Amino acid sequence: MIDILEFTLEHLIQTFDKDYGKGRFHAQALFRDIFKQGNTHFLLSPEFLDSPRFARALAGKVSVNPGEVVKTFAEGELTKFITRLEDGLEIESVIIPMTRHNTLCVSSQVGCKMGCKFCETGRMGFKRNLRISEITGQIYNARHTLKKDIKNIVFMGMGEPLDNFDNLIGAIQVMNEQQGFDIALRHMTLSTVGLVPGIERLAKLAMPGLRLAISINAPNDTIRSRLMPINKTLPLARLKKSLTNFPLGKRGVFLFEYILIKGLNDSPAHAALLADFIYPLPVRLNLIAYNPVQGLDYESPSDEQMHEFADLLSARGIMVIKRWSRGRSVAAGCGQLGRNV
Ligand code: SF4
């Protein structure tokens, strides 16, 4: 069985060649129909009608299985959708409208092992890794089931992407395929809590342009270990070393995400420590106002605190973008996936 959402064009050409003695012509037709048009009746396209023996041999052998979109929630232009997988488990994805196009926030696991204290998904625990086709199926459904024009991918949904390394890289390759989903690497952002072994593996792969985001959230190990248990085994110094050695490429920057939580990581002293940690890494920092999560005691910062914290970092030469999360009312803000409302 050819699980097509796991295939790059070259992989399909090789498979057609090996198994059927056919090649690029039919593979390109199939890619055009399925990936570009969302047309699963590709055997009725001219290329296959002209090759009836091959079409008969292929019948029933190609599966397009992105999972079933069972629910969507909207807040203005933002859409969260829930996909039911073959085994009945569900994952969430979010379509975020940007100025000229949409960004799709993709899940990489069902649940998550990382247990970040501010995160709804973390409280769900870990169920399993997503297969390549379950990751790429999210863009298939966003484009062809929900008819949204997706140009950017952020791996910031449920799960820690680098904890599902091989399938993540496979999915990136499928999404990057020009004759398929055609998402440029520079339009993909992978967000991690700082799984150093994964960052080091990624550093060895030639993936120029792929953007790396680090969920940092604290200026020192004490606070970070409280918020993010991973920091106990992979503290900030190790994380910084792996980033220092990471081949960013010319003009590349790391994206840092810092969720500002009232009274916890929001003081001027914290801003100074954070700037010390960042120096001399090239970083663009997203400062995100904490989204309240039911059952957790953390509080959102005031607007003044957001401005003050951002100004202190800017004064140290760090590019800061302030974000008041969209999607609060549908629980689709950062760290809120996993709550089906
Ligand atoms: S923030 Fe990300 S890594 Fe942390 S628990 Fe939530 S989903 Fe997992």
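Throughout, read-outs are computed from the coordinates displayed, never taken from laboratory work. All of these numbers come straight from a predicted model, not from anything done at the bench. Cβ placement follows ideal geometry from the backbone for every residue including glycine, while neighbour counts extend to all protein chains displayed.
Quick rundown of the values:
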read-out: Normalised alpha carbon radius of gyration of the chain [divisor 2.2 N^0.38 Å]; value: 1.06
read-out: Cα gyration tensor, segment 2-63 - rounded (a/c under 1.5), prolate or oblate; value: rounded
read-out: Computed FRET value (nearest 0.05) for residue 56 with residue 18, which takes r as the C-beta separation and R₀ as 25 Å; value: 0.85
read-out: Total charge dipole magnitude, segment 2-63, about the Cα centre, Cβ charges on Lys, Arg, Asp, Glu only, Debye to nearest 20; value: 160 debye
read-out: Two-site label geometry, residue 186 and residue 244: point separation in nm, points 7 Å out along Cα→Cβ; value: 2.9 nm
read-out: Expected 222 nm ellipticity per residue - DSSP helices of 4 or more, -39500 (n - 2.57), all of the chain, to 500; value: -9000 deg cm²/dmol
read-out: The chain - charge dipole about Cα centre, Lys and Arg +1 at Cβ, Asp and Glu -1, debye rounded to 20; value: 420 debye
read-out: FRET efficiency, 1/(1 + (r/R0)^6) with R0 41 Å, evaluated for residue 206 and residue 299 via beta carbons; value: 0.40
read-out: Efficiency of FRET between residue 87 and residue 315 - r from beta-carbon atoms, R0 51 angstrom, step 0.05; value: 0.50
read-out: Percent of beta bridges antiparallel (DSSP, the chain, rounded to nearest 5); value: 40 percent
read-out: Most to least packed among 59-65, 309-315, 146-152, 100-106 [average Cβ atoms within 10 Å]; value: 100-106, 309-315, 146-152, 59-65
read-out: Amide H partners (placed H, <5 Å) of residue 63, local residues excluded; value: 2, 3, 4
